[in-house]
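See structure below.
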Amino acid sequence: MTTLAAPPIPPVAPLVDDTPIVINRAVTRADKVFRLALGSSSLVVLAILAGVVVFLAAYGWQALKVGGIHFITDPTWSPDSGHFGAMSLLVGSVAIAVVAVIIATPVSLSAALMINEYSPVRLRGVLTGAVDCLATVPSIVYGFWGLALVSNLQAAPAKWLVTHFAFVPFFRTPTSGEYVQSIFACGLISAVTIIPIITSVSREVMSQTPRDACEAALGLGGTRWGMVTDVILPFSRNGIVGAVLLGFGRGIGETMVVVLILSKANRMTSAILGPNGLGSIAKQITEDFPTGTPMDKSALILLGLVLFVTVLLVNIGARAIVNRGQKAG
Amino acid sequence: MMRGNRTLTPPPMPNPVGTALGPHSAMPDSPTRQRGISGSMLMEGLGSAAAALALVWIAFSLAGIVAPFGMLVAWFCLFFAIYGTLCWRLHGVLIAKDRMATLGIWSGAIVAMFALGAVLYYVFIRGVSAVFEDFPHFLTADMTQLGGASKITDLGVGAAIVGTVEQVGIATIITVPLGIMTATYLVGSNGPFARTVSAVVDAMTGAPAIIAGLFVYLLWVVPHKESGKSGLAAALALAVMMLPIVTRAAQEVVAIVPGSLREAALALGAPEWRVLVRVVLPTARAGLMTAVILGVARIAGETAPVLFNAGGFEAYNWNPFSGQQDDLPFRIYENIFQPGAVIQQSAWGTSFVLVCVVLILFLIARALGKSTPGRRRFVPWARIRNRTTEVEA
């Protein structure tokens, strides 16, 4: 009885039709110049990064030397008279981003799932276009819109929250009676500006879910929501986390919306529903820099460096998470 | 081993240029799926909505509260609860979850669309009166008449438009060649250097706009004293913002140029630079133009980078290389904080103009993005180009 042995698999690399072989041919002089040009053009981005860090550090050094640890410990911000309290500015920038992310994430994930899975085919193009369009509208226009309309509209719900939920430390107002110009209002408008980025990145990741697995889930009798929770979300978890982080980074650095809406103040407080509470780095730089004394400017530049490095690290981390998620899939 | 006939199917065409922009690429074997709403679903949904509305109405009337937004939220929550309970009792827990999730996802998407619609509508409503009061005048006049007593027909954004066009133009001229070359380099090599550059480009795409302005202020305006504030300085700051955006988008476009095309050209003995110029760039042209135009649209509305650098100037200044210059976002920022209804109105008018500019660019980019690589819709000079290529070949 003969057994049908499978033919031995040759130990060479598997048959691949179209992998080009590498030829070591002589590189012409023109091509050497060409390669050099390409390489050096990509140096420009690195040079900009290095330039930003070096310039900001050089000009901020003066303030760091004088201020030192006071940047964190001092409660007031007035660099010219020797008070370097920047803690509330830092916390404020982060708080705005947190509020924005909390509001934007459910909306963005809904929009991403809608575009990828739920929407009728004909609506898809429209939805994608609308999300991209959200990204195109300038942030000063969002800020102006927020200043004129939304910050007034959110005052009533904010008042309601303060009246009924004041036991939650966040739902208070630093100064009694007013509910506009708040961290919450800034976060609300900033949410609109980060919806497109969270949506497009998470959509991209979700669309890489193996279609077979989705169809298998449906074929086994699962509902569409079952497919989403058991196939799509587990598969794209990393990517979604990365997308949210990217939105967070964008929220920290949001400038014009905050400049237009937030009240100019810096006081450490957990209350986010009124003016005169936490400040924001971007707002402080924008408003104080043109008229500041050299020491003011130096301190603001140092804050700018802190903001830049923070956002950069958040972005790099977020991209790494997104990319790892894609490779793992 | 090679029994059975292998048919050589052409590799699937990498669909849309800039997948983020194009329509959802259809799967080759997309399954049929029952969509649409059955009669009973409709009844359940409408019934729950009506019940929720009635309950909310009664509750708010009894309590004597007038709060349209609160009513909307309460109605939605109640609708959600009633519909969920109904589906749960009628169809079981799985179907109920599915229906509620569908409802939630639709609502989320609608909220996003609503935000877009609301901002565009509001800017339109507030801005249109300023622009069309005395139609072309607002687009051609400058802001020299700006003051407490000025009428809207005295003001205009002509100077700001000139500034925006010149500054964004200079930024584009600087960044497009750099961005495309960097993108080509990143696609072509995979060493540690290229990976670092790629990561930096990604990270810089989301860098705070105010930092770009601060950087160029320190780099350019401080050494040149007050005369450093000019259109050029603003353009440099915009270029800092634009370079990563263009590079990233171009990278995606260049990456999907079919390798076989490139290899065919190399195999025929073409030097690398010719492959780039004659094969890669023409193939990716539609996508590259989309990338560039989107970059321009994103940058035209950036305010923070130009704040410290353009200087702002009410009258026309055609020369971007000397003297302070206005531009649209700067003008909005300047006029927002000035008292007076007319100046506010002019700020809305400026916002309207800016949004129109940006949206037109966006629509052009989308129209270009729909054309597939290699096919040259929307490029009027394509035929002439083709002919010359044939002659040269």
Quiz item: Using helices alone, what [θ] at 222 nm do you get for chain A, with -39,500 (n - 2.57) per DSSP H run of 4 or more residues, divided over all residues and rounded to the nearest 500?
Solution: -20500 deg cm²/dmol
Quiz item: What is the Cα radius of gyration of region B:89-145 over 2.2 N^0.38 Å, N being its residue count?
Solution: 2.22
Quiz prompt | Cα-only Debye scattering, region A:129-190: base-10 log of I(q)/I(0) at q = 0.15, 0.29 Å⁻¹ | solution = -0.52, -1.22
Quiz prompt | Order by protection proxy (mean Cβ within 10 Å, highest first), peptides B:245-258, B:75-88 | solution = B:245-258, B:75-88
Self-check item: Peptides B:264-275, A:149-160, A:125-136, A:292-303 ordered by average Cβ neighbours within 10 Å, highest first
Solution: A:292-303, A:125-136, A:149-160, B:264-275
Quiz item: Once you treat every alpha carbon in region B:141-288 as an equal point and sum by Debye, what is log10 I(q)/I(0) at q = 0.13, 0.18 Å⁻¹?
Solution: -0.74, -1.07
Exercise. Express in nm, to one decimal, how much length is gained between A:Val22 and A:Ser270 on full extension, taking 0.36 nm for each residue of separation and deducting their alpha carbon distance.
Key: 83.1 nm
Quiz item: Viscosity 0.890 mPa s, temperature 25 °C: Stokes-Einstein D of region B:152-392 from its Kirkwood Cα radius, in µm² per second?
Solution: 126 µm²/s
Quiz item: Shielding of B:297-308 by partners, i.e. mean partner chain Cβ atoms within 10 Å per residue?
Solution: 5
Quiz item: If chain A were replaced by its equivalent ellipsoid, with semi-axes equal to the square roots of 5 times the Cα gyration tensor eigenvalues, what would those be, largest first, whole Å?
Solution: 46, 32, 17
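What average count of beta carbons from other chains do you get within 10 Å of the Cβ of residues in A:208-220?
1
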Exercise. Could you tell me which of the pairs A:Lys264/B:Lys229; A:Lys65/A:Lys283; A:Lys65/A:Lys159; A:Lys283/B:Lys370 are separated by over 32 angstrom between their Cα atoms in the structure shown?
Key: A:Lys65/A:Lys159; A:Lys283/B:Lys370
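Give me D for region A:53-132 in µm² s⁻¹, whole number, from Stokes-Einstein with Rh from the Kirkwood sum over alpha-carbon pairs, 4 °C and 1.567 mPa s. Write down the numbers at each step before the final one.
Numbers: Rh = 16.4 Å.
Stokes-Einstein gives a translational diffusion coefficient of 79 µm²/s.
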Quiz item: Once Rh is set to the Kirkwood radius over Cα pairs, what Stokes-Einstein translational diffusion coefficient, in µm²/s, holds for the protein assembly as shown at a temperature of 25 °C and a viscosity of 0.890 mPa s?
Solution: 87 µm²/s
Quiz item: Can you give the mean number of other chain Cβ atoms that lie within 10 Å of the Cβ atoms in peptide B:195-203?
Solution: 6
Self-check item: Spatial separation of Cα centroids for region B:266-310 and region B:324-346, in angstrom
Solution: 33 Å
Practice problem: State the Kirkwood hydrodynamic radius of region A:139-248 in Å, one decimal place, computed from all pairs of distinct Cα atoms. | Solution: 16.9 Å
Quiz prompt | Where labels lie 7 Å past Cα in the beta-carbon direction, separation of A:Thr229 and A:Asp80 in nm | solution = 5.9 nm
Quiz prompt | region B:39-130, Cα convex hull volume normalised per residue, Å³ | solution = 116 Å³
Quiz item: To the nearest Å, what is the center-to-center distance of region B:116-130 and region A:124-177, using C-alpha atoms only?
Solution: 17 Å
Quiz item: Against the longest principal axis of chain A, how steep is helix A:183-206, in degrees 0 to 90 to the nearest 10, with axes from Cα atoms?
Solution: 10 degrees
Practice problem: Whole Å is fine, so just give me how far the alpha carbon centre of region A:185-234 lies from that of region B:71-109. | Solution: 19 Å
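Quick check on region A:198-289: what does the Kirkwood estimate of hydrodynamic radius come out to from the alpha carbon pairs, in Å? Mind showing how you got there, number by number?
On the way: mean 1/r = 0.0614 Å⁻¹.
Computed over region A:198-289, the radius equals 16.3 Å.
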Quiz prompt | Calculated FRET value between B:Ala199 and A:Val54, using beta carbons and R₀ = 25 Å, to 0.05 | solution = 0.85
Self-check item: Descending principal axes extents, region B:95-202, alpha-carbon based, whole Å
Solution: 61, 54, 22
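All of the numbers you see were taken from the coordinates with simple rules; none came from a lab. Because the structure is a prediction, the values reported are computed rather than measured. Quick reminder, even Gly has a Cβ in these numbers, built from the backbone with ideal geometry, and neighbours come from all protein chains shown.
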